[in-house]
Amino acid sequence: MSVDILAIAAHRDDVEQTCGGTLLKMAGLGHATGILDLTKGELGTRGSADDRAREAEAAAKILKVSWRHALDIPDGRVENTWENRLKVARVIREQKPRVVILPYWKGRHPDHYTCSTLGYEACFLAGLAKLDLEGKPHRPFKIIYATLYYDIRPTFVVDITEHFEERMRSVLAYKSQFTDQDAGRADFPPQAEIRERVASMANYYGMLVGVRYAEPFLQKEVGLVENLISIPVKSI
């Protein structure tokens, strides 16, 4: 089985927060979607790796993803090594995605921005015909970056208005992370504020294009327009 769109993230729950609505929308359009989590979350302030595994499975069902897997890269030690690049490249060859979603290459958490570089280089390696790695060479056609974790103007957003509530459910599936508790109290928002915060961010990016809720992305390439009349989002 292969997927059309593969989101790669450092931790279980990153995808739900940054591009879960987009994956849900793409699944609704008939595209097979997948999630690759690089770590199992064993260093998380709240909960355990086993908690995260159960919660990730529940969230995947809500997002209607066709495939989800967690690698064994140590949490807090996502490093762009040859060994780790091969681990991700092996998945790229196996799943054969046309589109890969990575986190933006800058951010507060080292695991997040390292995942970005590691993921990009693994996508390149996966396409090398002479690479000593099982599977047929494959390189995704498109790599885009989910920018929600970093304050940068996106190059495009995806309207997730119709999918916002389900996306919210996928975030809250991580009960070990988003319930009120003493552990991490200074770093985690109160549960009563989570929906408001998530909605505010999605609403901000939605307002940029005239919709209610959206998720932000960046692409490195120059965009291509075939018909000026069909360009969405009005200027004035």
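The values are calculated or read from the model by the stated rules, or taken from the named source; none is laboratory data. Keep in mind it's a predicted model, so treat the numbers as computed, not measured. Reconstructed Cβ throughout: ideal geometry from the backbone, glycine too, with neighbour counts over all protein chains shown. Keep in mind that these areas ignore ligands, DNA and RNA; they rest on the heavy atoms of the full protein, side chains included. Shrake-Rupley method; radii C 1.70, N 1.55, O 1.52, S 1.80 Å.
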Cβ contacts < 7 Å: first residue within 16 Å of GLY210 (Cβ to Cβ), restricted to the stretch 222-233; second residue open to solvent by less than 100 Å² (accessible area, probe 1.4 Å) and of a type in the set (A, V, I, L, M, F, W, C), any location; separation 6+ or different chain. Result? ILE231/VAL225; VAL233/VAL209
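Taking the residues in the stretch 115-124 that are open to solvent by 20 Å² or more (accessible area, probe 1.4 Å) and in contact with a Lys or Arg (Cβ under 9 Å, 6 or more places away or on another chain) as candidates, determine which candidate is farthest from ASP72 (Cα to Cα).
PHE124
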What number of residues within the stretch 10-21 satisfy the criterion of being open to solvent by 10 Å² or more (accessible area, probe 1.4 Å) and either under 12 Å from ILE160 (Cβ atoms) or of a type outside the set (Asp, Glu) (or both)? 4
Does SER200 satisfy being out of contact with any strand residue (DSSP E or B) (no Cβ under 9 Å at 6 or more places or on another chain), at pLDDT 95 or above, of a type in the set (Ser, Thr, Tyr) and open to solvent by less than 50 Å² (accessible area, probe 1.4 Å)? no
Residues of the stretch 27-44 satisfying the condition of being in contact with an Asp or Glu (Cβ under 6 Å, 6 or more places away or on another chain), open to solvent by 70 Å² or more (accessible area, probe 1.4 Å) and not charged (D, E, K, R): HIS31, LEU43
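Filtering the stretch 50-84 down to residues that are open to solvent by less than 30 Å² (accessible area, probe 1.4 Å) and at pLDDT below 95, which residue is nearest to ILE5 (Cα to Cα)?
Just the residues of the stretch 50-84 that are open to solvent by less than 30 Å² (accessible area, probe 1.4 Å), to begin with: 52, 55-56, 59-60, 62-63, 65, 70-71, 73, 75, 78, 84.
Applying the additional criterion that residues be at pLDDT below 95 yields 52, 75.
Details: ARG52: 22, ASP75: 24 Å.
Looking at residues that are open to solvent by less than 30 Å² (accessible area, probe 1.4 Å) and at pLDDT below 95, I get ARG52.
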Using beta carbons and a limit of 7 Å, which pairs, at least six apart or on different chains, have the first residue in the stretch 1-24 and under 17 Å from ILE73 (Cα atoms) and the second one among the aromatic types (Phe, Trp, Tyr)? ASP13/TYR174
